[in-house]
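Note sheet for the following structure.
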Amino acid sequence: MSSHQNPVVDTVIVGGGQAGLALAYWLAKEGRDFLILDLNHRPGDAWRLRWDSLRLFTPAKYDGLPGSPFPGDRLAFPTKDQLADYLEDYVRRFDLPFVPGIRVDEINRDGEAFTIRAGNRTWHARNVVIATGGHRIPKRPPFAGELDPAILQLHSQDYKNPGQLREGPVLVVGLGNSGAEIALEVGHTHPTQLAGKPSAEMPLRHGRTAARFALPVVRFLGLYVLNLNTPIGRKAAPGFKSMAAPLIRTKSKDLVAAGVHLAPRLAGVSNGQPVLADGTRVKASNVIWCTGYHEDYSWVKLPVFDLHGEPRQTRGVADDVPGVYFIGQEFLFAAASATLPGVGKDARHLARRLTSERPPTVGRRREGETRLPMSR
């Protein structure tokens, strides 16, 4: 094959979300030769394609990536589309080599380097950064397939707005932040039950006052106290991924006030209808699964995972295979590692480690295979 079909690059970043872009910024500052491979067709689509009314929980002053503060009111909570547009502009502004529409099928070791294959395309790289998490597979309980076919089922990944729903009652399954916010929205147009129990609720009202006084404290704790350098952070880390996040903006009392019925967890299906843990059979025309995702790393054909499928890494650097890096995972180093306020700090550290441990053998960053028009 030609070199165009099998490009050789110093570093390939798999995943062009906020974590991958933050790392790309620092690699570009170092003059590294790299590409960003992303599944989506536009930077920011991972946010752009989520439900229409979604807003961030963090204020704009904490949502910017390295080198580019988030525009506008610093105490406002951006919409998902505003964030998506910001990420797209970030790629333009810093001329980052973003290659869209690439689903990586395999990463294999090739001597001291790596082969990244996506369909009929292949890249060779000395370093590879996994910035995607795993391929995210919507999680549903095994009995979901037993529901009456007349019931419309949507995962939160596919939910956009109440206009998708059939007439009649809605059962939202999962009382995390997604479940609470979606239930509140559909409760305005449909009789709605929300099955589940929150892990906790933040004891303060979310909004501008919190953005000014309380959220700075939360951010400080998530970055500088709950991390792997502190005893309390090391103690918290093992259970952090399995612990559901507390309800932040929409609380139980907000749901009740809006007419959403809070129900026990969903236990199974009987005669095609959902059944709650207390034995109640729910009459529903729609079920929205707000039940999270599985992380699938089966496409990474490298010995970098433990028996539970978790990356074996130290602050983003793979323990066993030189040249493999991770960024954007839950509690990679700190409780905030997977969030917009946390990825910049991890990205700076990882870029320094990569630069010191893996000096480049190819030239400065080339013209990328796909570039967005430069912003003015």
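The values are calculated or read from the model by the stated rules, or taken from the named source; none is laboratory data. Please read these numbers as outputs of a predicted model, since none were measured by experiment. Methodologically, a virtual Cβ is constructed for each residue, glycine included, from the backbone with ideal geometry; neighbour enumeration extends over all protein chains shown. All accessible areas refer to the heavy atoms of the entire protein, side chains included, with ligands and DNA or RNA removed. Shrake-Rupley method; radii C 1.70, N 1.55, O 1.52, S 1.80 Å.
Going through (1) open to solvent by 10 Å² or more (accessible area, probe 1.4 Å); (2) not assigned by the TED database to the domain that holds Ala195 one by one, Gly168 falls short only on (2).
Here is a check on your reading of the model: is Arg109 under 28 Å from Glu185 (Cα atoms), basic (Lys, Arg) and either outside the structural domain of Leu21 (by the TED database) or touching a residue at least 24 places away in the same chain (Cβ under 8 Å) (or both)? Considered against the rule, which asks whether it is under 28 Å from Glu185 (Cα atoms), basic (Lys, Arg) and either outside the structural domain of Leu21 (by the TED database) or touching a residue at least 24 places away in the same chain (Cβ under 8 Å) (or both), Arg109 comes out as no.
Quick check: is even one residue across segment 109-122 touching a helix residue (DSSP H, G or I) at 6+ places or on another chain (Cβ under 7 Å) and among the basic types (Lys, Arg)? Within segment 109-122, not a single residue is touching a helix residue (DSSP H, G or I) at 6+ places or on another chain (Cβ under 7 Å) and among the basic types (Lys, Arg). Select from segment 198-225 the residues that are in contact (Cβ under 8 Å) with a residue 60 or more places away in the chain and either assigned by the TED database to the domain that holds Val173 or closer than 19 Å to Ala334 by Cα (or both) and list them in ascending order. Leu215, Arg219, Leu221, Gly222, Leu223, Tyr224 - these are the residues of segment 198-225 that are in contact (Cβ under 8 Å) with a residue 60 or more places away in the chain and either assigned by the TED database to the domain that holds Val173 or closer than 19 Å to Ala334 by Cα (or both). Out of all the residues in segment 274-310, which are assigned to a strand (DSSP E or B), in contact (Cβ under 8 Å) with a residue 60 or more places away in the chain and open to solvent by less than 40 Å² (accessible area, probe 1.4 Å)? Within segment 274-310, Pro274, Leu276, Asn286, Val287, Ile288, Trp289, Val300 meet the criteria. Out of the residues in segment 108-144 that are β-branched (Val, Ile, Thr) and closer than 30 Å to Trp289 by Cβ, which is most open to solvent (accessible area, probe 1.4 Å)? Here the answer is Ile137.
Before we move on, is Thr189 surrounded by 15 or more Cβ atoms within 10 Å (Cβ to Cβ), of a type in the set (Val, Ile, Thr) and assigned to a loop (DSSP other than H, G, I, E, B)? No, not satisfied.
Only one residue in Thr361, Thr370 is farther than 30 Å from Val172 by Cβ, within 25 Å of the chain's Cα centre (by Cα), in a loop (DSSP other than H, G, I, E, B) and modelled with pLDDT under 90. Which one? Write out each step before concluding.
Working: Thr361 fails: within 25 Å of the chain's Cα centre (by Cα).
Going through Thr361, Thr370 in turn, just one is farther than 30 Å from Val172 by Cβ, within 25 Å of the chain's Cα centre (by Cα), in a loop (DSSP other than H, G, I, E, B) and modelled with pLDDT under 90: Thr370.
Would you confirm whether any residue within segment 145-158 is among the small types (Gly, Ala, Ser), buried (at least 20 other Cβ atoms within 10 Å of the Cβ) and not assigned by the TED database to the domain that holds Val304? Yes, the conditions are met somewhere in segment 145-158.
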